[in-house]
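I have placed the structure first, in the form of C-alpha cells, so that the comments after it can refer back to it.
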Amino acid sequence: MAVRRLAVSHETGAVERVIASFRAVTGDEGVSVGLAVREQHGRDESVHRCRPPDVVVFPRSVEEVSGLAKICHHHRLPIIPFGTGTGLEGGVGALKGGVCFSLRKMDQVLDLHQEDSDVTVEPGVTRKGLNAYLRDTGLWFPVDPGADASLCGMAATSASGTNAVRYGTMRENVMNLEVVLADGTVLHTAGKGRRPRKTSAGYNITNLFVGSEGTLGIITKATLRLYGIPESMVSAVCSFPSVQSAVDSTVQILQAGVPIARIEFLDDVMINACNRFNNLSYAVAPTLFLEFHGSSKSMEEQVSVTEEITRENGGSDFAWAEDEETRGRLWKARHDAWYAAQALRPGCKAYSTDVCVPISLLPQIIVETKEDLIRNRLTGPIAGHVGDGNFHCLMVLDPNDLDEVQRVHAFTERLARRALEMDGTCTGEHGVGLGKRDLLREEVGPLTIEVMQGIKATLDPKNLMNPGKVL
C-alpha cells in the first residue's frame, strides 16, 4: 500500500479539501503550508539534510491529534511527530512528504502527585520546563540529555544523559503513555490513568513505545517518575594519566557501591576544547567530571572512597565544587561540549555519534577510536557517560568538503561496528533514525527485525507513522 504526498499539482482540489479538513479540526492558525515553517520542521540537529513535510499542523489536545490522524489515515498521508527538533539521527525528516504534527502547543503539566512522586505531562513540556514547575515541591526529574528536549520526545527516543548512572534512562522512568495510533485510536499503554510503581500485568506495552521514534504512534501524554531533590550535591573534576586509569577508577567506584549521580569522561582533545570555549584551565588530559547526591553525612563517605580510588589510579588535580555557582560552571562546561567542539573549527558543522559497550571494554574502544581519528585526519573530541559505557564522538567537519564528509561517514560506520564486535550497541541514547537502520539489523539480527516489522504492521498497517525510520 503506497503512502501519498499532499503536494501533487494535478490534485490541487484534493489538497485543498484535505487542508480544509485539518483547519476544521485545529482552526486556521493550527495549519501551516509556509515554506519557512515546513523547513523548520524538516530537520533536527543532525547532519541529515532538511526533508520538509507538505504541511505542518499544531494540535492543542489529544482529541485534535486523533482527529487529524484520522484524516491522514483516510487519505494515506504520512505522519511525522515533532517535539523540539533536538534529535541527532534525522528522525523528523519527511522522507515521503506528508504531515508534521508539531506538538508544542500541548504544553501542560497535568496530574502532579507529590506524595507518590509522579507527574503526567503533555508533549510540549520540556525537561527544564518541568523542573521549573516542580521547583517548590522538593521534587525533580533527573533524566538530562543536555538539550532542553520535549519529555515525550525523550520517551520516543529512549533518551538518557549524564544522570543515567544513578537514576536510569527514560525507559526506567516512564510509567504510562497516552499514544494516538495511525488510525486515530487513543491507546493508554498501562491502562487509562494507571500509575503503579511496578506491575507484572501482561506485556510491557509502555516500553514498546519508548524508543519507537514516532514509528508506532504519537505520544500525547507521559506519566513519569519523580525524585526527591537531594539534601546535598557535590561535584568534582579529576585528571588521569590515561584513558585506562580513568575508566578503571569508574569501574572501581561503581563496584565499591558508591551511589554516584554523574560520572562523565572527556578526552584530552575535548578538555582542551572546553578550556578554550569556557575560558577554563583544567589539565589537558583524560578527565572525569563527577557528582554526588545525598545527605551531608553520606556525602563525606562517598567523597572519601572516591578520592582514595582515583588517587590509587594516578588521578590528580582533584578539584571540588560544593556551591551551586561553581557546580553550575563545571557542568555548563560539560554540556557546552558540542559548541566547544564546533569552535575548534569555526564555520564547520558538528555531528555527534554515540555507541555503548560493556564498561570493561571502554578503554579499548576509546583508544582504538582515537587512533582511527588520527589515522584518518578527523576532528572528533570524545565525551562519554562512562558510568554506563556510553560515549560520543563529536565530529567537526566541513559539509562542503565531500572527501571529509565521506571519511566521517566511513569512520562512524567503523565505530558502530567496533562497538558491535565488543557486544555493545550502535546507539546508547541517540536512537536509530535514518542513519543507523542497517546497523540495527546487524545488531539484533534478521529474526528480531522481522518481529519488529510484524509489530509495526499490526499497529500501522499502512506504514504512515514516520515512514523510513528505524526499520
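The values are calculated or read from the model by the stated rules, or taken from the named source; none is laboratory data. Nothing here was measured: the structure is a model prediction, and the numbers come from that model. Quick reminder, even Gly has a Cβ in these numbers, built from the backbone with ideal geometry, and neighbours come from all protein chains shown. With ligands, DNA and RNA removed, areas are computed over all heavy atoms of the protein, side chains included. Shrake-Rupley method; radii C 1.70, N 1.55, O 1.52, S 1.80 Å.
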Margin query: Out of the residues in the range 370-396 meeting the condition of being more than 16 Å from MET270 (Cβ to Cβ) and in contact (Cβ under 8 Å) with a residue 60 or more places away in the chain, tell me which one is surrounded by the most Cβ atoms within 10 Å (Cβ to Cβ).
Written below: GLY387
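Yes/no matrix, rows are residues, columns are (1) in contact with a Gly (Cβ under 9 Å, 6 or more places away or on another chain); (2) small (Gly, Ala, Ser):
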residue: GLY315; (1), (2): no, yes
residue: ALA321; (1), (2): yes, yes
residue: GLU325; (1), (2): no, no
residue: LYS332; (1), (2): no, no
residue: HIS335; (1), (2): yes, no
residue: TRP338; (1), (2): yes, no
residue: GLN342; (1), (2): no, no
residue: ALA350; (1), (2): no, yes
residue: CYS356; (1), (2): yes, no
Check: Can you name the number of the only condition in (1) in the same structural domain as PRO145 (by the TED database); (2) open to solvent by 20 Å² or more (accessible area, probe 1.4 Å); (3) within 24 Å of ARG135 (Cα to Cα) that THR223 fails?
Finding: (2)
Check: Just checking, how many residues over the range 398-444 are open to solvent by 40 Å² or more (accessible area, probe 1.4 Å), in a loop (DSSP other than H, G, I, E, B) and either more than 22 Å from GLY87 (Cβ to Cβ) or in the same structural domain as GLY93 (by the TED database) (or both)?
Finding: 4
Item checked: Those strands (runs of 3 or more DSSP E) lying entirely in the range 138-228 with at least 3 residues over 23 Å from ILE260 (Cα atoms) and in contact (Cβ under 8 Å) with a residue 24 or more places away in the chain -> 174-180, 218-225
Margin query: Quick test of your reading of the structure: GLY257 fulfils all but one of (1) in contact (Cβ under 8 Å) with a residue 60 or more places away in the chain; (2) farther than 30 Å from PRO81 by Cα. Name the failing condition by number.
Written below: (1)
